[in-house]
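Take a look at the structure set out below.
The values are calculated or read from the model by the stated rules, or taken from the named source; none is laboratory data. Model, not experiment: these values are computed from the prediction. Neighbour counts are summed over all protein chains in view; Cβ atoms, including those assigned to glycine, are modelled from backbone coordinates with ideal geometry. When the accessible area is computed, the model is the full protein with side chains, heavy atoms only, and any ligands, DNA or RNA have been set aside. Shrake-Rupley method; radii C 1.70, N 1.55, O 1.52, S 1.80 Å.
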Amino acid sequence: MDKETVLQKIQEVGLVAVVRATSAEQAKRITDACIEGGVAAIEMTFTVPSADKVISEVANIYSPDQIILGAGTVMDAETARIAILAGAQYIVSPYFDLATAKLCNRYRVPYMPGVMTIKETVEAMEAGCDIIKLFPGDTMGPKMIKAIHGPIPQAKFMPTGGVDANNVGEWIKAGAVAVGAGSCLTGGAKTGDYESITKIGKQFIENIKAARAAK
């Protein structure tokens with residue numbers, strides 16, 4: 001799947017599930033539950049044990065039509081390359097790293113780094129980042145997107161942190177092209193309640209669609 005298609009699919013879904021788990025098996029079960037709920041964009045974080053192997057296994061289970069599989073908590077270019085070789089279709093970092101941006105550009109893989117300021121946003125865009133991860137979102141709120149869009153209307157943001165099914169509409173209306181959701185979506189895995197993940201995922205998707213229709 002080429003870079004443009006991956007970016008388009010992420011924006012169409014509007015929600016990236018940030019998967020953190022204590023085991024490979026738990027990570028795969030979270031992924032299954034998310035996909036059942038219509039959340040096709042999965043960010044497998046490198047805090048998951050043997051994350052590269054999990055990415056490879058998931059990539060072999062689901063077809064590109066079923067899943068948009070990325071790697072998260074990627075701290076450097078070396079880890080990004082490992083993730084890409086394992087099957088990751090996009091890379092997400094908690095901060096902007098130029099070496100990672102260059103590597104992802106070399107292989108035409110979307111790179112979504114975390115930023116908190118206008119300066120970081122512009123630096124990431126100049127390095128070829130098409131979607132910027134606004135992180136942590138709960139420290140800034142939806143108004144931050146509107147503020148940045150004043151001078152930089154072409155910036156595309158995916159807020160992560162503090163986004164839940166109840167407030168996702170506010171983020172979408174503020175201009176987010178997608179959102180990232182972690183524990184508020186996948187928290188049920190801690191008690192084995194994977195059905196709640198599917199249910200919350202459906203709520204997220206419904207609320208995103210409603211917010212887009214109301215814009």
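Overview of results
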| quantity | calculated |
| --- | --- |
| Residue that is open to solvent by less than 20 Å² (accessible area, probe 1.4 Å) and out of contact with any helix residue (DSSP H, G or I) (no Cβ under 6 Å at 6 or more places or on another chain), where the choices are Lys133, Lys156, Lys143 | Lys133 |
| Hits in segment 187-215 (condition: open to solvent by 10 Å² or more (accessible area, probe 1.4 Å) and either in contact with a Pro (Cβ under 6 Å, 6 or more places away or on another chain) or among the β-branched types (Val, Ile, Thr) (or both)) | Thr191, Thr198, Ile200, Ile205 |
| Count of residues meeting criterion [closer than 15 Å to Pro113 by Cα and over 15 Å from the mean Cα position of the chain (by Cα)] in segment 35-74 | 0 |
| Per-region count, segment 175-185, residues farther than 15 Å from Leu7 by Cβ and open to solvent by 10 Å² or more (accessible area, probe 1.4 Å) | 4 |
| Where Ile172 falls short, out of the listed (1) touching a residue at least 40 places away in the same chain (Cβ under 8 Å); (2) part of a helix (DSSP H, G or I); (3) open to solvent by 30 Å² or more (accessible area, probe 1.4 Å); (4) not acidic (Asp, Glu) | (3) |
| Some residue of segment 185-201 being of a type in the set (Asp, Glu), outside any loop (DSSP other than H, G, I, E, B) and over 23 Å from Thr31 (Cβ atoms) | no |
| Residue pairs meeting the criteria (Cβ under 6 Å; at least 6 apart or on separate chains; first closer than 15 Å to Met116 by Cα, in segment 151-166; second open to solvent by 20 Å² or more (accessible area, probe 1.4 Å)) | Lys156/Val177; Thr160/Phe135; Gly161/Phe135; Gly161/Pro136; Gly161/Asp138; Gly162/Asp138 |
| Condition met for Lys102 (under 19 Å from Leu7 (Cα atoms) and open to solvent by 70 Å² or more (accessible area, probe 1.4 Å)) | yes |
| Residue in segment 106-120 that is more than 25 Å from Pro49 (Cα to Cα), open to solvent by less than 70 Å² (accessible area, probe 1.4 Å) and either basic (Lys, Arg) or under 16 Å from the mean Cα position of the chain (by Cα) (or both) present | yes |
| Pick from segment 69-84, criterion in contact (Cβ under 8 Å) with a residue 12 or more places away in the chain and in a helix (DSSP H, G or I), ranking: most open to solvent (accessible area, probe 1.4 Å) | Ile82 |
